[in-house]
1. For the stretch 1-62 and the stretch 117-192, write down the distance between their C-alpha centroids in whole Å.
2. So between GLU178 and SER222, what do we pick up on full extension, going 0.36 nm a residue minus the alpha carbon distance?
3. Using a/c under 1.5 as the rounded threshold, could you call the stretch 129-178 rounded, prolate or oblate? The axes a ≥ b ≥ c are square roots of the C-alpha gyration tensor eigenvalues, and prolate needs a/b larger than b/c, oblate otherwise.
4. Please work out the FRET efficiency for the pair LEU210 and ARG130, using the Cβ-Cβ distance as r and a Förster radius of 22 Å; give the result to the nearest 0.05.
5. Between rounded, prolate and oblate, where does the stretch 98-225 land on the alpha carbon gyration tensor, with a ≥ b ≥ c its root eigenvalues, rounded for a/c under 1.5, else prolate if a/b exceeds b/c?
6. Output the antiparallel fraction of DSSP beta bridges having both residues in the chain, as a percent to the nearest 5.
7. Go from 0 up to the bin containing the longest alpha carbon distance in the chain, width 5 Å each, and give me the % of pairs per bin.
8. Taking a ≥ b ≥ c as the square roots of the Cα gyration tensor eigenvalues, with a/c under 1.5 meaning rounded and otherwise prolate when a/b beats b/c, else oblate, which class fits the stretch 9-59?
Amino acid sequence: MNEPAGRMPVVVLVSGRGSNLQAIIDAADQGRIPATIEAVVSDSADAFALERARRASIAALTLIRRDFPDRLAYDAALADLIESHNPGLVVLAGFMRILGPATVQRYAGRMLNIHPSLLPAYAGLDTHRRVIEAGEIETGASVHFVTETLDAGPAIIQARVPVKPDDDADRLAARVLEREHQIYPMAIGWFAEGRLEMRDGRAWLDGKPLDEPIRLEQATKSSAA
Ligand code: GAR
């Protein structure tokens, strides 16, 4: 309501630690992206992300699945809670529930997710362990629009990260996370600036369809130019 002019209201959904949330809070606070986080909603009461929201004076809300008779009822309540904050964008930041089709459709083109792999490779859970077991030499992170198929919406930006011979899943996750913290605020910034959209099942940046996701190095170069 007291939105500074030109800042897009955002609702962030979380389940855990909230390091991506923190990166977004910092980018917004430092004026790097024209967005204001109106609320953080968690599906778990003890998510540290809620503490991060409170520290930043952002509404920290919890909606627990077991308080609802079924998934449909939970999803409807979640959509209503999101809607009460009138967001221009909904950001999934380590939100570990699969949203139902009604909610996804309601926010089609206005909902982003981050996933710790080079999508379409390694969608789903337990990404880093699977990457290491498969002997990959490279992995990364992807930001994409959310569609009804898990982790399969149009990709916007990716960062590549080498897999080192002595990596375990935790070490690899930590290195990928550093890149996540760069690419997520960038994509959210583009969206808030009106430069990014989803149309005809593709991501478009600055009026051009993305045949493949922007690479972090490309984005860093063009913002430095
Ligand atoms: C991040 O690595 C994010 O990419 C991943 O969960 C982690 C959340 O960390 N998300 C998924 O795997 C979604 N499929 P955070 O709570 O510290 O941001």
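1. Measuring centre to centre over Cα atoms gives 21 Å.
2. Full extension of this stretch gives 13.8 nm more.
3. Judged from the Cα gyration tensor, the stretch 129-178 comes out prolate (a/c at least 1.5, a/b above b/c).
4. Given R0 = 22 Å and the Cβ-Cβ separation, E is 0.25.
5. Cα axes put the stretch 98-225 in the oblate bin.
6. 45
7. 1, 7, 15, 19, 21, 17, 12, 6, 2, 0, 0
8. Prolate, because a/c is 1.5 or more and a/b exceeds b/c.
The values are calculated or read from the model by the stated rules, or taken from the named source; none is laboratory data. On a predicted model such as this, the values are computed, not experimentally measured, just so you know. Cβ atoms come from the backbone with ideal geometry, glycine included; neighbour counts cover every protein chain shown. We work out accessible area using only protein heavy atoms, side chains counted, and drop any ligands, DNA or RNA first. Shrake-Rupley method; radii C 1.70, N 1.55, O 1.52, S 1.80 Å.
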